[in-house]
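Read the structure below first, then the notes.
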Amino acid sequence: MASTSISKAEKSYIQAGLLANPPRRADGRSLHDFRVISLETGFAPLSNGSAHLSIGRNPHNGSGGTDIMASVKLEVESIEEDASDGGRIVCNVSCSPSAYPHLTSGALDDLQYDLTTVLHQTLSHPSLHPKNLNIIPRKKSWLLNLDLLVTADAGNIYDALFMAARAALWDTKVPRTRSVEYKSPKSLSSASGDMDVDQDTTSGFDTRKVAHATDFELPDYWDEGEILEGRERWPVAITLNLVKTIHFLDATLQEEASCASRLLVVHSYESPISPTVQSMRMLGSEELSILNLKNLIKEAESYTNTMFSSLTAKLEDEDFRRNQKARERFGKRR
Amino acid sequence: MASTEAVITQRKFFKKTARGKVVKVLRERYLRDDVACGIQGCRECSTEIPEPLPFSGSFEHQLYPNGHYLLPDTNVFLAQMDLIESSLFTPPIILLQTVIEEVRHRSLPLYNRLKALTKSEDKSIWIFYNEYRSETAIVREENEIPNDRNDRGIRVATAWYNTHISLTRPPIRGQKQTPHPTVVLMTEDAANREKAAKSGVTSISVRKYVEGMKDANLLLDLLAADGSQEIEPTKAASGRQALYPDYLPISTLLAGVKAGELHQGHFNANQYNYLEGSVPVPAFDKPILLVGRENMNRVVQGDIVVVEVFPEKEWKAPADEVVDQEATLKNDDAEDSGEEGDENGEEVFVKESRALSESSSQKPPSERQPTGRVVGVVKRNWRAYVCHIDNTSLTSTLTTSLSTQTVFATPVSRLLPRIRLRTRQAPILLNQKILVTIDRWDATSRYPEGHFVRALGRVESKEAEQESLLLEFEVPYRPFGKAILDCLPPEGDQWVVPPKGEFDIQNIWRDREDLRDVIVCSIDPPGCQDIDDALHAKLLPNGNIEAGVHIADVSHFVLPDNPMDSEAAARGTTVYLVDNRIDMLPSLLGTNLCSLRPFVERLAFSSIWELTPDAEIVSVRFTKSVIKPKAAFTYEEAQIRKDDPNLQDDLTNSIRLLNSLAIKLKAKRMAAGALNLASPEVKIHLDSAESSDPIDVEQKELRETNSLVEEFMLLANISVAKKIEESFPQTAVLRRHLPPPKTNFEKLQDILRKTKGLSLDVSSSGALAASLDICVDANEPAFNTLVRIMATRCMLSAEYFSSGSVAKNTFGHYGLASKIYTHFTSPIRRYADVLVHRQLSAAIGFTPLHATLHSKSHVERVLDVVNRRHRMAQMAGRASVEFYVGLALKARGEQAKVRGEADVKEEAFVIRTFRNGVGVFVSKLGIEGLVTFKRDTQFDAENYTITVPGAKEDVKISVFEKVIVRIEVEKDKNTQRGKVKMTLVEPVDSSAL
């Protein structure tokens, strides 16, 4: 963060290290190495989907590192007249004051607002919108609240936020609903005095004219619901920290303070090969030539690709751990 | 780590709130290894409480000679609760937590019965918390529905029990190994039994289990109809034609009701026409009419149903014909009714549709009311009904055999359909009153199916009839339990008011006024044992009069929130039957300690007024007191005493004083617009205590002194109501009588206008009172009473309510024309009065108000029960009178026969005309009856007349006409029900019609 105050000497020392050949970083990583990322999904049982992510936590004592908790809460929302159909996504990032002890509450608000804007604008984009947030067409839908809480910041907050968001959204289960309606049989003729009643029985589940549905019910289901449609699409982000001609990844707070500008690229992988750019931000004050930008975007693609595949693998592993494995372990105990 | 095992320890589910939000609910569970098995002497498990399960199980069942325990599945309790509750069913039972929870989820009443069962001492039931024992806890699998999960849990628990037993009883060297008892899974679900067999768990169906029991014959009848279908796979249920449309799913119903397209309400059957019913709903002024069997769609009196209303052009008017189910369906065969294409079914269908089409002929559009059909049931209100076995439904060849057969049970109440039931005791049950529960009503079955619960006794025996009355009107009549009797003063009937002063250890005299010297007397009906009110009056030096009403201080003995109080609240009211009284409070209180007997010191709650000689209230005060009544008069004695000019003692003078005030009070009340309504009241003479055969019936006589007591009770009630409403504006217990909707009177007004040219002004109670006064027929003095009776029937009934629950402008009592009213004067026999006593006592600062009486919702809940009990008690009382009137008429008819006279004939008034009959009211006997003609007559619905062919020429009969009827008591051939049968004698003899 730019507000982390380091001295000019420190700054130039860090820059010199990064520009040296071979480059040297304080923790011994190479320019494009990440710190250790740990991720756990489903840590908040009362939410509809949750994830706990940290980057660079000390594996021995669990201290330090960027720490983020993300949770998804679904809420039933009545759709007002001429409002958009199919649900909404609202992202909110809040920063714990203990993560930024040096910030005043006003500055903290600004920071939260900035982070929220980036996440909300990216994730609520129509191209990413899951199709199963509907409950009753034109009547009711789910409002997806994605809340991210930054409990500690040790640099690279954007990557961490997007990863946590992707994990929580991946973990999200939408409760199954069944819309119910009462379709009045307008064609009902004189049925009285007639003993054989057959085809005229009305069905409560006629989906052809669902516009009449007024309410919904929750059918009992073994699981917590179905996953969000298109959960593979949720994007991953990479921050390229720029120092002169080179760039490096996963900056610590000090390193962030030492580089004048950063490029944030958010990629969504509909197919594993060709990503679409969901969002791009240039942070910082230095200039960047178009040519450079092109190269950087190309580079970013390879990073996000790795990040995407390893994150997906981890998320699948988490799903397995929490269900099948736990069940097997329980079965063995007997 | 908790998070890794979340899938085991946490149960998450979604709940939809009333406001349509979805909430996620999380339940954590902690598994333990020390949940006890409940078997006596188990070396592994130990508990503090004694284990109910015998060490070697039960040897009573022939299939399990090594001993067994029974582990019933949920469906056993859902379907066969009567069996489990039977005192003959005593195997040791293991009750799983899973089962209890599933029962609670499915049916709250059954859950409550199950809870009571686990507490009863004659059953050995052990509740095993299988979900909390680590070995028996299970986790819901992927794609597993809850029902399967629970079934699996039950099987796992059964298997665990069997292993547990064998593990804890290892063979001992040198001793012969005794075989272990088996834990048997009892379930109605064939699929579950199959799965159990696969995993090596012993299982059995209920029917099969009961068949192997000692008392199989008696117990098999208790089996609900649910169990019977597997046993007879010959009747392919799927092959049957659905006679009724299916219900919509409950969520659809609620959605429809919410959207206002459907309507929800209580179903009321029509007692004159079993093919017609109605559902009052808030959306329409008139109740929604349901015509025909399939529009009523398997609903039974009292069910909460959802109705769809037809388009307005299909609306109908209620039928004007009596359609008797016994007559129409006489030949229906219980064995195969409801099967496809049988001739019987066709016949019934033809008859019924004719009955419908005839009645739905041209009617004035004004009489049409919303018409619809039932599309679903929100809540069944089924309970045990008193029935007779229909003897024609017995297969004639089998009348003596003990084999199972299907018979019809006809409920005593005309509002209920016949119930099909299977029994092997049919021949024994003939001529008995029996209790039958409805189990289900399938779309393929014309009648509901039920099972036999128990026999009440021989038809027309007093005991059976009385019990059946109490059951039919849901009057709680069990004797008071020990916990309740323990709340009585320990001195019992030796209890006396302690002398004032130092010997008054309990401080009973605190703040009590000593009114022992006041000349107080009570006036009651003869033979009254529970005297709860007494009066006094005296002249004051300033020319005004002091009058006092003294009510037994019941709230001194019945303290809030103890077992006696809860029981009284549940009973709500004392029920008076002709030959019996079901007390609300133990009789020690009702007929002794709280009865204001003469010459005995009693605690009282007094209301004392200062009145001007013109009966204007100068002041009123309320106080707890001690009184010593100087006399207990009957109405007649008081009347005679008052009228005797020779008597000039204080007591007599005070009665005269009271009387003069009462006359003025009444005049004022009438001027304010109070109604003088009439309802037929009949008195039964019982000739002696032993035989209690009524010998005669006569109308109750009203004396001046009746009205004296009444006026002062009204005065007390009104004064008290004002006081408590002032002190507790949110929770005061009040009573109101809402003005009836104008539409209720439409028909009566129309009849009066057309037949007598009279008009009825119903704009206010005063106007109604005035116009009722001029409804007289010079030739017929009884006519006025008749109109009053009919007007009374158009009104709503009065109800108790909590003052904070309704708008203040609806507090009024229509009949009494009072702005505010309550019941204060009979705390021995009405629970509302007890509450009012407590509130008044708090209002005068005598005692603090109990916390429950500050809670609006609590007061509302209690009053709901009291209102319902009150209604039921009235109906039970009326039914009891009817029964005795029937007996009396029968006796009279027999005497007449002995004397060689003709049958009993009485004057009667026509009150209703039907296409094929007339409803008549016999004022002398206070009974209503129905004269039906076999042939149709010319019926003029517009003018309420029918024309019947007479001996010479046709005779026109209209409403209010005086006729003479022959009254016989005829034993209904099919049901053994004593039934008053009336036939017209004049103007025409209808026996030939």
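Values in this text are rule-based calculations from the coordinates and carry no lab data. Just so it is clear, the structure is predicted and the values come from calculations on it, not from any experiment. Neighbour counts run over all protein chains shown; Cβ positions are idealised from the backbone, glycine included.
Observations on the model:
- Qualifying GluC sites (Glu not before Pro) for the range A:69-132 [loop in DSSP, other Cβ within 10 Å: at most 13]: A:80, A:81
- Qualifying trypsin sites (Lys or Arg not before Pro) for the range B:485-593 [loop in DSSP, other Cβ within 10 Å: at most 16]: B:500, B:510, B:516
- The H on the amide N of residue B:288, modeled in the peptide plane, is under 5 Å from the matching H of B:279, B:281, each at least 5 residues off or on a different chain.
- Oblate is the label for the range B:756-796, because a/c, from the alpha-carbon gyration tensor with a ≥ b ≥ c as root eigenvalues, is 1.5 or above and a/b does not exceed b/c.
- Listed residues B:473, A:94, B:14: farthest to the positive end of the dipole of the protein assembly as shown (Cβ charges): A:94
- Cα gyration tensor category, rounded, prolate or oblate, for the range A:1-54 with a/c compared to 1.5: oblate
- Across the range A:42-189, counting alpha-carbon atoms alone, Rg and Dmax equal 19.3, 78 Å.
- Using alpha-carbon coordinates, inclination of helix A:157-171 to the longest axis of chain A, degrees: 20 degrees
- Most to least packed among A:57-63, B:882-888, B:742-748 [average Cβ atoms within 10 Å]: B:882-888, B:742-748, A:57-63
- Of the trypsin sites (Lys or Arg not before Pro) in the range B:870-930, the ones in a loop by DSSP (not H, G, I, E or B) with at most 15 other beta carbons within 10 Å are B:899, B:924.
- Contact order normalised by residue count of chain A, Cα under 8 Å, 6+ apart, percent: 19 percent
- Helix-only mean residue ellipticity at 222 nm for chain B, each DSSP H run of n ≥ 4 adding -39500 (n - 2.57), per residue, nearest 500: -9000 deg cm²/dmol
- Computed extension length for residue B:576-residue B:10: 198.2 nm, one decimal, from 0.36 nm per residue of separation with the Cα-Cα distance subtracted.
- For peptide B:10-20, the mean count of partner chain Cβ atoms within 10 Å of a residue's Cβ comes to 4.
- Ranked list, fewest to most other Cβ atoms within 10 Å of each Cβ, for B:408, A:162, B:599: B:599, B:408, A:162
- A simple packing score, the average count of other Cβ atoms within 10 Å per residue, orders the peptides B:652-658, B:194-200 as B:652-658, B:194-200, with the highest score first.
- Cα gyration tensor, chain B - rounded (a/c under 1.5), prolate or oblate: oblate
- Neighbouring partner chain Cβ atoms per residue of B:133-143, average, 10 Å criterion: 3
- Within chain B, the whole DSSP H helices whose Cα atoms reach 20 Å or more along their own axis and whose mean Kyte-Doolittle score is at least -0.5 are B:650-671, B:704-727, B:856-898.
- Contact order relative to length of chain B, as percent, for alpha carbon pairs under 8 angstrom and 6 or more apart: 8 percent
- Peptide-level mean, for A:43-50, of C-beta atoms on other protein chains within 10 Å: 3
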